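Just so it is clear, none of the values below were taken in a lab; they were calculated from the coordinates. All figures in this text were calculated on a predicted structure; none of them were measured in a lab. For neighbour counting, all protein chains shown are included, and Cβ atoms are generated from backbone atoms with ideal geometry for every residue, glycine included.
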Amino acid sequence: MDLFEAIGTQRAMRRLKDDPVTDEDIWKILDAAIKAPSGGNRQPWNFIVVRDVETKRKLGEYYLDAWNKVYAAGGDRAGQDDASQSRVYRSAEHLAHHLAEAPVLIIATIRGGGNAGGGGSIYPAVQNLMLAARALGLGTTLTSLHKLHEREVKELLGIPEQVETMALIPVGWPKGKFGAPERMPVEKVVYWEQWGDRREQ
Ligand SMILES: Cc1cc2nc3c(=O)[nH]c(=O)nc-3n(C[C@H](O)[C@H](O)[C@H](O)COP(=O)(O)O)c2cc1C
């Protein structure tokens, strides 16, 4: 698949089929992930591939608990009245209740926390992973809610003290269709030479 087509049709795919995903495909997207840049080429990442039903169930519990704390009470729904925001909410709510059903959960971790460049040294790898998945037709979502249970998640997966989880990515064959993500037009957010100087394309 053309790279621009993959980028242009990549969006959070939160409704996944339970059809199996092969190890070969998982290796392929992880091999794309580790080609990403990182500060000083330190490659501070590790990825944990979780297929075990019981481990996924526990991760799903932590995730749903976090969802309930952050969103379900309605506290963080302010400004979510328009149709697209409520679509995102419904899809995120669905994922919160079905996380454990994804065939594979990938947890991206970083060694050395802030010293490793923080998110800047892991999210390029996560994005590579998600684009490679898109190219194969696999759906993904970058999620972070599990961070509310960082300690429990680390204990569950045997993650050492100095390592931090940065993203939990469900991977599976999507139920819906890939499509253009909703974004502000590029002309609105790009300035030329000086802040505020916009140009038409
Ligand atoms: C740092 C970060 C954290 C995110 N955490 C979550 C999350 O915990 N749960 C979730 O459902 N989506 C999460 N997302 C996905 C965003 O909600 C999603 O990318 C955004 O709504 C745009 O939607 P789209 O990717 O379909 O275009 C996260 C995205 C980023 C970049």
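How much length is gained if the chain between residue 53 and residue 182 is pulled fully straight, taking 0.36 nm per residue apart and subtracting their Cα-Cα distance, in nm to one decimal?
Working: separation 129, 0.36 × 129 = 46.44 nm, distance 3.36 nm.
Full-extension gain reported as 43.1 nm.
What whole-number distance in Å separates the alpha-carbon centres of the stretch 1-31 and the stretch 89-114?
The stretch 1-31 and the stretch 89-114 have Cα centres separated by 15 Å.
Quick one: compute a quarter of the convex hull surface over the Cα atoms of the chain and quote it in nm².
Averaging across all directions leaves 13.3 nm² for the Cα convex hull.
Give me the number: length gained by fully extending residue 192 to residue 89, i.e. 0.36 nm times residue separation minus the C-alpha to C-alpha distance, one decimal in nm.
Values: separation 103, 0.36 × 103 = 37.08 nm, distance 3.47 nm.
Here the answer is 33.6 nm.
Taking only the alpha carbons of the stretch 1-109, what extent do you get along each of the three principal axes, in Å, biggest first?
That gives 41, 36, 33 Å along the principal axes, largest extent first.
How large is the helix-only mean residue ellipticity at 222 nm for the chain, computed as the sum of -39500 (n - 2.57) over DSSP H runs with n ≥ 4, divided by its residue count, in deg cm²/dmol to the nearest 500? It would help to have the intermediate numbers written out before the result.
Numbers: 7 runs with 74 residues, N = 201.
Taken over the chain, the calculation gives -11000 deg cm²/dmol.
By counting other Cβ atoms within 10 Å of each Cβ, how are 98, 146 ranked from fewest to most? List each step's numbers first, then the result.
Details: 98 17, 146 22.
Fewest to most other Cβ atoms nearby, the residues stand as 98, 146.
Given an 8 Å cut-off on Cα distances and at least 6 residues of separation, report the relative contact order of the chain as a percent. Write down the numbers at each step before the final one.
Details: 301 pairs, mean separation 72.7, N = 201.
It rounds to 36 percent for the chain.
Within the stretch 3-189, what is the number of lysine pairs with alpha carbons under 15 Å apart, leaving out pairs fewer than eight places apart on the same chain? Can you show the working numbers first?
Numbers: 17/175; 17/177; 56/154; 58/147; 58/154; 69/147.
For the stretch 3-189, qualifying lysine pairs total 6.
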